[in-house]
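Heads up, the thing below is written out as structure tokens.
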Amino acid sequence: MKISALQKARYEYQPKLPGMLRHGIAEIGVKEGEATQSVADQAKIKALFPNTYGKKEITFEKGTNTSVAKKQVVGVILSGGQAPGGHNVVCGLYDALKAINPENVLYGFKNGPSGLIDDDYVVFDDEFINQYRNTGGFDIIGSGRTKLETEAQFEVATKVCQKHGITAIVIIGGDDSNTNAAVLAEYFAAHKTGVQVIGCPKTIDGDLKNDDIECSFGFDTATKTYSEVIGNIERDANSAKKYWHFVKVMGRSASHVALECALQTQPNICLISEEVAAKKMSLSQIADYIADSVEARANNGMNFGVAIIPEGVVEFVPEFSVLIAEINELLAGAKAEAFNALATWKEKYAFIEKGLTSESMNVFKILPEGIQKQLFLERDPHGNVQVSLIESEKLFSELVKNKLVERGFKGRFNPLHHFFGYEGRCAFPSNFDSDYCYSLGYNAAMLIQYGYTGYLSKISNLSKPASEWVAGGMPITKMMNIERRHGEDKPVIRKALVELDGKPFKYFEAHREEWAKETYFLYPGAIQYYGPAEVCDATTKTLALEQEK
């Protein structure tokens, strides 16, 4: 197989571990902290997780390894969307297991959680693992979105584990995947299977974080990848001086990606979904906000600019959320067939006009026709609008164009559109993500060796050099609350939204007015893997600001 020079060089990169994990296995001791409780709904979460709730947080430290020596047979699963660094979690887990005992075995279940149910796996060895060190993607075993949540699935999983003598399962995923990990851990504990479950925090969206989990892996690489290209677009805009670029970036439930890219590139406009919701901003108000920047810059001879749009921002606009709910109701059941049977858009538009309230129809009318049609053509398996497919970058540029016409704007407004999503999910991981992910996997093996279950692998103090990172674990139930999902109360890990009183947003808020009017673009350039540590090992602006003393 041919490989690039960079890939060959990255194979040879040795990820950095936290200081306490650099000791020999025999010198890694454990320190237990206080008992924990869930972030909310304590009584309900405790009742659902009687065997794994309230456990203590733990920290690894230099000392005597007091774990019981036994052969470990571990299964690892990649779950959900890809994130840079996933391969290194697997590599770190493998290396630690072999360091603990060369007889330990690591199974990789293929294509996500379904691999465990289907008993579809590969057994890792040195030759196999070495092809994936420090590389992007999840192609080592593939990923999937199957949920492990039914009694029947748990029974099959138990049998598969018993068949192979598996002692632990490591699930690498986001909030939903680690919720599944907690539920699976509770089932295994309740049925005394002897199988432990450990989770690892993954998502480029950055919304799996809290006081304990400072950063989900992949966020660093993905935002640096997007910021490189946004910086390139800014440079082009500043050179051509005739285009406004509307850039949509991933992040449906939270705007961490958009905010980090704004901090790295200083665009003229960046919408933050959480602020839109807090201020109850309408589509018209958002369009006015962007149009103000376009007009102010044009008055100074600058008919160009860059606007960053979070993928899910329209869901945070109150009037748009109501519209979506009404559309879902309008096309429920047999009414969808009647709608789809109509031959022309004119007929369908009349059907829509009769079915929506006047308030929602007023919102619908201001949408570009292409967006109107998207709302009715793209449905998810439950029959709902797939909001993430809405081309919000085109929506806002069109709304801004209409605003400028209303104002009698005499300058030039030439919008171009971009969506950066998949480009960042499988990039070569940055040094930070390479180190962080390897540490998460290595740390997971230590949690297994010490007998913990229902825990999330935790590496903290991440804005410092890796030698100062702190390794340990936290019970997954600590992050959980009860939310309404598909008409039922479900225990889930609480998503972390952008905090409007947090340091990253406050820094952005303090500077955005001048960024909107003048040109303060930053050009971060490509991710650097070799060179000064302050360049190659630098973390995100978000994390640096959050941990700023």
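The values are calculated or read from the model by the stated rules, or taken from the named source; none is laboratory data. Everything quoted here is computed from the prediction, not taken from an experiment. Note that each Cβ is placed from the backbone with ideal geometry, even for glycine, and that neighbours are counted across all protein chains shown. Surface areas here come from the heavy atoms of the whole protein model, side chains and all, with no ligands, DNA or RNA. Shrake-Rupley method; radii C 1.70, N 1.55, O 1.52, S 1.80 Å.
Tabulated data for the structure shown
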item	result
Rounded percent of accessible protein surface that carbon and sulfur make up, the chain, 1.4 Å probe	50 percent
Dipole magnitude of the chain about its Cα centre (Cβ charges: Lys, Arg +1; Asp, Glu -1), debye to nearest 20	340 debye
Other-chain or far-sequence residues with amide H under 5 Å of Glu61's (modelled H)	Gly29, Val30, Lys31
Mean separation of Cα contacts under 8 Å (6+ apart) over length of the chain, as relative contact order %	24 percent
Rounded FRET efficiency, nearest 0.05, which uses the C-beta distance separating Thr150 from Asn328 and R0 of 30 Å	0.70
Computed helical MRE - 222 nm, the chain, DSSP H runs ≥ 4 contributing -39500 (n - 2.57), nearest 500	-13000 deg cm²/dmol
Candidate aspartates and glutamates - alpha carbon under 16 Å from Lys401, same-chain residues fewer than 8 apart omitted	Asp288, Asp292, Glu295, Glu369, Glu391, Glu393
Cross-link reach list, lysines versus Lys44, counting only Cα pairs under 30 Å and skipping chain neighbours closer than eight places	Lys31, Lys55, Lys56, Lys147, Lys159, Lys192, Lys202, Lys209, Lys458, Lys478, Lys490, Lys495
Debye, to nearest 20: dipole size of the stretch 1-147, +1 on Lys, Arg Cβ, -1 on Asp, Glu Cβ	300 debye
Signed unit charges on C-beta, dipole axis of the stretch 469-546, positive-most listed residue Met480, Leu543, Pro532	Met480
The stretch 128-173 and the stretch 15-80: distance between their alpha carbon centers, rounded to Å	19 Å
Accessible area in square angstrom per residue, the chain, 1.4 angstrom probe	41 Å²
When the stretch 317-444 is reduced to its Cα atoms, the Kirkwood hydrodynamic radius in Å	18.0 Å
Cα-Cα P(r), the chain, percent of pairs per 10 Å interval	4, 17, 26, 24, 17, 9, 3, 0
Whole-number Å³ per residue for the convex hull built on Cα positions in the stretch 467-549	215 Å³
